[in-house]
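Below you'll find the structure, written out as structure tokens, and then a few comments.
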Amino acid sequence: MINRSLLILSGSIFAIALFVDSPHCTAQEAPQRIVIESVKLNSSQSSFINRYGVTREDVNSFERLLPGVAAVIPVRSFQTQVRYADRNSEAEIHGTTQEFSRKISPQNFEGRFLKKKDIVTHQNIAVIGEGVARDLFGKRISEAIGRNLKIGQDYFLIVGVVKDTGREFGQSVWIPITTMKSRFGDDQILHRAGAFEATSYEISRVEVILEDGVRPERTLRVIRLLLNASHERDDYEIHPVK
């Protein structure tokens, strides 16, 4: 459905590019990014699994068609316990791309972050937040690099630590988004009080980083056109962020 929709939408997108006011403004006037988040709705489907949210095809469309964009950063997240030897840490696992490094100061890296080749080749590597590093390695967080972190039944080589990130990223673990798909899939089954819920989502959120001085209106309109064409339900939210 999305391929036919994109062909139909191409004229609309071109019209937006022609007739919307100038796309540039001062940095103070425009938000620096647009966040699209998946929203879990009550299932209206006959399927056993409640499928919802932003898809990989949506991300591909954003990368190809959005005007005035410096980067598109997809993230798929879930919470779980990670382990090293006899130690464990409660962490949020983020499958993402090398573009996520734009959100972190280079001064906060020990080792390295994800690279494009890691995503292309589905590498079992991980970058961990300082909180996770301290849980697993104590004060010697630099010793984490080169060790194998266990997530579920799989092992991931730690290639970097993100330092001094506080509550936002301290308990985070980043892995290639392609590895997230191949190792963990899209489906989740949650057990609660004797019942269970089966859900499926491809992407948790997407951050669209605007080029310097770009007005958000045109980019926002194209995002809405693309999502309206590819989604039967409003299982997403769009947030311009300054």
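Starting from the Cα-Cα distance between Glu63 and Asp154, subtract it from 0.36 nm times their residue separation and give me the gain in nm to one decimal.
Numbers: separation 91, 0.36 × 91 = 32.76 nm, distance 3.04 nm.
Length difference between fully extended and current span is 29.7 nm.
Name the lysines eligible as straight-distance cross-link partners of Lys181: C-alpha to C-alpha under 30 Å, and not fewer than 8 places from it in the same chain.
Lys40, Lys103, Lys115, Lys116, Lys117, Lys150, Lys163
Pairs of Cα atoms under 8 Å, at least six residues apart: use those to get the relative contact order of the stretch 57-178, whole percent.
Details: 245 pairs, mean separation 37.8, N = 122.
Over the stretch 57-178, the number comes to 31 percent.
According to the Kirkwood expression over distinct Cα-Cα pairs, how big is the hydrodynamic radius of the stretch 140-224, in Å?
Numbers: mean 1/r = 0.0589 Å⁻¹.
In the stretch 140-224 this quantity evaluates to 17.0 Å.
Where in the stretch 200-242 does the label zone of Lys40 land, with the point 7 angstrom along Cα→C-beta and an amide N cut-off under 11 Å?
Answer for the stretch 200-242: 200-201.
Per-residue HN-Hα couplings for the stretch 228-242, Karplus 6.51 cos²θ - 1.76 cosθ + 1.60 at θ = phi - 60°, whole Hz, x for Gly and Pro?
Going residue by residue, I get 4, 6, 9, 10, 7, 10, 7, 9, 7, 10, 10, 10, x, 10, 8 Hz, with x marking Gly and Pro.
Is the stretch 48-130 best put as rounded, prolate or oblate by its Cα gyration tensor, with a ≥ b ≥ c the root eigenvalues, rounded for a/c under 1.5, and otherwise prolate when a/b is larger than b/c, oblate when not? Walk me through the numbers before you get to the answer.
Working: a/c = 2.21, a/b = 1.29, b/c = 1.72.
It comes out oblate by the Cα gyration axes.
Restrict the search to the stretch 86-175; then list the trypsin sites (Lys or Arg not before Pro) that DSSP places in a loop and that have at most 12 other Cβ atoms within 10 Å of their Cβ. Before the final figure, lay out the partial values.
Values: sites: Arg87, Arg102, Lys103, Arg112, Lys115, Lys116, Lys117, Arg134, Lys139, Arg140, Arg147, Lys150, Lys163, Arg167; in loops: Arg112, Lys115, Lys139, Arg140, Arg147, Lys163.
Those that pass, being in a loop and sparsely packed, are Lys139, Arg140.
Sticking with the crude label model, points 7 Å out along Cα→Cβ, report the distance from Arg102 to Leu190 in nm, one decimal please.
3.0
Which ³J(HN,Hα) values, rounded to whole Hz and listed in residue order, are derived for the stretch 117-134 from phi using the Karplus coefficients 6.51, -1.76 and 1.60 in 6.51 cos²θ - 1.76 cosθ + 1.60 with θ = phi - 60°, glycine and proline given as x?
5, 5, 6, 4, 9, 6, 6, 8, 10, 9, 10, 10, x, 4, x, 5, 4, 5
Report, by chain and number, residues whose modeled amide H sits under 5 Å from the one on Arg147, excluding near sequence neighbours (fewer than 5 apart, same chain).
Sorted by chain and number, the residues that satisfy this are Ile158.
For the stretch 171-222, what is the charge dipole size about the Cα centre, in debye to the nearest 20, if Lys and Arg each add +1 at the Cβ and Asp and Glu each add -1 at the Cβ? Working shown, then result.
Details: 7 positive and 8 negative charges, 8 e Å.
For the stretch 171-222, the charge dipole is close to 40 debye.
Values quoted throughout were computed directly from the atomic coordinates according to the rules given, and no laboratory measurement underlies them. The structure displayed is predicted, hence computed values, not measured ones. Cβ: placed from backbone, ideal geometry, glycine included. Neighbour counts: every protein chain shown.
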